[in-house]
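Novice: Handing you a structure now.
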Amino acid sequence: MERSGRRSRLSERCDILFRDATVYNGAGGPPFRGDVATRGDEIVSVRHTSDGGEEGGGSTRPVRTLSLNGKALAPGFVDIHSHSDYSLLINPLAESKVRQGVTTEVGGNCGYSAAPIGGEAKAERRKLYRERYGLDPDFSDVRTYLDRLDDSGLSVNYVHQAGHNTIRQSVMGGDDRAPTGAELRSMTAMVEQGMSEGAFGLSTGLVYAPACFASPEETAALAKVAAGRAGLFSVHMRSEGAGLLEAIEEVITIARRSGVRLQISHLKTAGQPNWSKIDDAINLIERAAKFGIDVACDRYPYTASNTHLSALLPNWAHEGGKTKTLARLRDAAHRSRIREAWGERDWDNVVISLVSRPESKPFEGRSVSACAAHTGREASEWAMDLLLAEDLWVEILLLNLMDESNLRRILRKPYVFIGSDAEARAHYGVLGEGAPHPRGFGTFPRVLGSLVRGEGLMPLSEAIARMTWLPARRVGISDRGRVSPGMKADLVVFDPERITDTSTFESPIRYPEGIDFVMVNGELTVEDGVHLGVRAGRTQRGADRLAPSGEETP
C-alpha cells in the first residue's frame, strides 16, 4: 500500500515524458506503443496507448515532452564485459559507450581490476598510468576506488569486480608457484574485503600472467569467497583455442567446487584448427547447466580479438614479473626459445593497435609483418624489439581469429549476453589515440543493426533483453534493465531502421548512427546523438546486489 501511494504522488508531475514510443521493456516480450514518464532518477509511469492500460497510475504533467513517433525506447544497455576501470578516471564522459546506448558498465574483467591492489601490482600500475596518461591511481581498496570514480562524475553507471590476476600479483608478484598458506589467506582476504566494499564478484584471466600460474584449487578457493557473497565469477579461460574444451571443463569444475555462479567471458573458438570444436564446447556448457551449474556467457559481435602483444609470449617468459620478462627479451638464448614457441605464427593478422612512444606511432594500424618488412627485420625479432622499446605495453588486434558462422551460433544462445570487451574511449585526447578494435564504438549498434535488422539473427526484443534486464540480473542489479515504474531511469531511444555501427577496423574511432537519446539516472546524457557533457552516472555498490535466490522473472 505504501508503494502504491508513493507512485500516485510521483505521477502528479514528471520531468520528462517520452511520448508515442515503441516500448521494449527489457523482459524479452513483444513491444507495445506507449508513453514513459520519468521523475528524478526513476521511471514513474508507463502507459500502453494501444489498450489504455497504465503502470504507475495517474496522469502526468511533464516538464518536457519528447515525441518519438514510434521509435524504440528500451532500458539502457548493460555492458557486462568492459575494461573501463581506469579510462573512466581519465575521461569520465565514457563517450564511446554512452553514445552506443550503454548506461552501465561492468568492469574489473579478465582478472585485471583497479582494486583491490597492492605491492608490485600497485607500483607498476602507478608508474604506467602516470607516464602514459597523467593519472596517479594511488588507491588500494575498492571503497576508495569507487569513491574516486563517484567524485570524478561519471556519465555511466559502473559495476566493479575484483581481479584475480591483480590480487595474485599484489601478494605473490609474478612467481610461477603455488601460494603458501599465508599467501592464499591474504588473497582470499582481499577478495572478501573487496566484495564487502562494493565489488559484485571476482574475475580471472587464466591465460594471462600471473593467474596462468594458478591451479584450479587456488582459483576455486577465491571463487568460494565470491560465492559466499552471491557474487559472479567472470572467467577469461586458460585457452580459447587448442585447449578450449579442457579449459571449459576446468572452469566448470571450479564452479562445481566453489558453488559460484560462472560467467564465461567472450566465448569463442579461436584459430581455424579449433573452429570445429564449437559443438563440443556448447555441449559442455549446456550439459553443465543441465546438471546444476549456474553458467552463462558473453560475446562481442566480431571475429577479431584485442589483447596485448606480451600475451603471445609463452607463460614461462612471464615468470618472476615484468623485470625478468624484459631481461629475457634482451637475452639471445631466451629470444631463440620464444621464436621456437611462436613457431609459424601468422604475423599478417597481428596488427599493432596502440603504442606510446612517438617513434612507434607510425606502426599503429599496421601488421607486424608489414612493420617488420619496412624495417628489414624478421617478424618475431621485430615484435620482441617492440616489446622492449614499449616496456611490454603494446596493444594488438588478432584478425580473422574466429569463424563467422560460429559467432552467430554463439550469439543465438539464450544464455549468451552482449559485452564489448572494451574500455570507454573518445574521439579526442589520450583515449582517442591508436587504432582500437571497433567493438569499443560499435558493439551494441552492430548487434541491433547488422545482425538483428540485417540478418534476422534473433528478434529485436530478445536482443534487447540480452543487453539489459538479463545481464543486469546476472550481475545482481535489481533496479535497472527494465522499463517499469520504480526502476531507475536508464533509457535509450533509437530508430530500429537506422541504428548502425560506423566504426570499422580501418576507421575505428567513429560513433554509431540512429541513437537519438540516452538517459542515465533520469538525466538526458545524449540528445540527437550528441553527448551533452552530463555526468549523472554512479558506481553501484555490491551490498545492494540481488542475490540469485531473490531473482524474479519480470
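The values are calculated or read from the model by the stated rules, or taken from the named source; none is laboratory data. Here the structure is a predicted model, which is why all the values come from computation and not from measurement. Every residue, glycine as well, gets a Cβ built from its backbone with ideal geometry; the counts of neighbours run over all protein chains shown. Just so you know, the surface numbers come from the protein's heavy atoms only, side chains and all, with ligands and any DNA or RNA stripped out. Shrake-Rupley method; radii C 1.70, N 1.55, O 1.52, S 1.80 Å.
Novice: What part of the accessible area of the chain, given as a whole %, is carbon or sulfur when the probe is 1.4 angstrom?
Specialist: That fraction is 47 percent.
Novice: Sticking with this structure for a sec: Nearest 0.05, what FRET efficiency do residue 50 and residue 428 give at R0 = 51 Å with Cβ-Cβ as r? Write out the running numbers ahead of the final one.
Specialist: Numbers: r = 44 Å, r/R0 = 0.86.
According to the calculation, E is roughly 0.70.
Novice: Moving on to the next point. Would you list the P(r) distribution for the range 85-206, with all Cα-Cα distances sorted into 5 Å bins from 0 and each bin expressed as a whole %?
Specialist: Here the calculated profile for the range 85-206 is 2, 12, 21, 24, 20, 12, 6, 3, 1, 0.
Novice: Can I ask one more? Among the aspartates and glutamates, which fall within straight-line cross-link reach of residue 361, defined as a Cα-Cα distance under 13 Å, with same-chain neighbours fewer than 8 residues apart omitted?
Specialist: Cross-link targets: 390, 395, 433.
Novice: In straight Cα distance, which lysines are under 20 Å from residue 324, not counting same-chain residues fewer than 8 positions off?
Specialist: 122, 127
Novice: May I ask you to give the solvent-accessible area per residue for the range 205-328, in square angstrom, as obtained with a 1.4 angstrom probe? Kindly include the intermediate steps, with their values, before the conclusion.
Specialist: Numbers: 4240 Å² over 124 residues.
Per residue, the range 205-328 has 34 Å² of solvent-accessible surface.
Novice: Could I ask something else about it? Can you compute the helix-only [θ] at 222 nm over the chain? Use -39500 (n - 2.57) per DSSP H run of at least 4 residues, normalise by all residues, nearest 500 deg cm²/dmol.
Specialist: Working: 18 runs with 178 residues, N = 554.
After summing the helix terms and dividing by the residues of the chain, the value is -9500 deg cm²/dmol.
Novice: Can you compute the charge dipole magnitude of the range 140-244 about its Cα centre, using +1 on each Lys and Arg Cβ and -1 on each Asp and Glu Cβ, nothing else charged? Give it in debye, rounded to the nearest 20. Walk me through the intermediate numbers first.
Specialist: Numbers: 8 positive and 12 negative charges, 38 e Å.
Magnitude of the dipole: close to 180 debye.
Novice: What number, in percent, do you get for the relative contact order of the chain if the mean sequence gap of Cα pairs under 8 Å and at least 6 apart is divided by its residue count?
Specialist: Values: 1312 pairs, mean separation 114.8, N = 554.
This gives 21 percent for the chain.
Novice: What does the C-alpha gyration tensor say about the overall shape of the range 303-401? Classify as rounded when a/c is under 1.5, otherwise prolate if a/b is larger than b/c, or oblate. Present the calculation step by step, with values, prior to reporting the outcome.
Specialist: Working: a/c = 1.42, a/b = 1.33, b/c = 1.07.
Judged from the Cα gyration tensor, the range 303-401 comes out rounded (a/c under 1.5).
Novice: Separate question: Could you name the lysines in cross-link range of residue 268, using Cα to Cα under 18 Å and dropping any fewer than eight places away on the same chain?
Specialist: Hits, sequence-local ones excluded: 277, 413.
Novice: Can you compute the modelled spin-label distance between residue 290 and residue 217, with each label point 7 Å from Cα toward Cβ, in nm?
Specialist: 3.2
Novice: Using 1/(1 + (r/R0)^6) with R0 = 35 angstrom and r between the beta carbons of residue 412 and residue 196, what's the FRET efficiency to the nearest 0.05? Don't jump to the answer; show the numbers that get you there.
Specialist: On the way: r = 38 Å, r/R0 = 1.10.
The value I calculate is 0.35.
Novice: Dipole size in debye (nearest 20) for the chain around its Cα centre, Lys and Arg Cβ +1, Asp and Glu Cβ -1?
Specialist: Working: 68 positive and 74 negative charges, 153 e Å.
The calculated dipole for the chain is roughly 740 debye.
Novice: What is the distance, in nm, between label points placed 7 Å from the Cα along the Cα-to-Cβ direction at residue 280 and at residue 373?
Specialist: Using points 7 Å along Cα→Cβ, the separation is 3.6 nm.
Novice: Can you list, largest first and rounded to whole Å, the semi-axes you get for the range 245-371 by taking the square root of 5 times each eigenvalue of its Cα gyration tensor?
Specialist: On the way: eigenvalues 232, 72, 44 Å².
The three semi-axes for the range 245-371 are 34, 19, 15 Å.
Novice: Of all beta bridges DSSP finds with both residues in the chain, what is the antiparallel percent, to the nearest 5? Show your work: numbers first, answer last.
Specialist: On the way: 40 of 72 bridges.
Within the chain, antiparallel bridges account for around 55 percent of the total.
Novice: Next up: Can you run the Rg to Rh ratio on the range 336-474? Use alpha carbon positions and the Kirkwood inverse-distance Rh. Could you put the intermediate results ahead of the total?
Specialist: Working: Rg = 18.6 Å, Rh = 17.5 Å.
Radius of gyration over Kirkwood radius for the range 336-474 works out to 1.06.
Novice: Would you please state which residues of the range 80-103 a label at residue 132 would reach in this model, taking the label point 7 Å out along Cα→Cβ and a backbone N cut-off of under 12 Å?
Specialist: 86-87, by backbone N distance to the label point.
Novice: Ratio of the chain's C-alpha Rg to 2.2 N^0.38 Å, to two decimals? Write down the numbers at each step before the final one.
Specialist: Working: Rg = 23.1 Å, N = 554, 2.2 N^0.38 = 24.3 Å.
Cα-based Rg divided by the globular estimate yields 0.95.
Novice: Something else about it: For the charge dipole of the chain, defined by +1 on Lys and Arg C-beta atoms and -1 on Asp and Glu C-beta atoms about the Cα centroid, which residue among 25, 80, 351 has the Cα displaced farthest towards the positive pole?
Specialist: Checked the options; the winner is 25.
Novice: I need the helices of the chain that pass two filters: whole DSSP H segments spanning 27 Å or more by Cα along the axis, and mean Kyte-Doolittle score no lower than 1.0. Don't jump to the answer; show the numbers that get you there.
Specialist: Details: long enough: none.
Correct list, ordered by number: empty.
Novice: How far is the Cα center of the range 390-425 from the Cα center of the range 464-497, in Å?
Specialist: Each part's Cα centre sits 23 Å from the other's.
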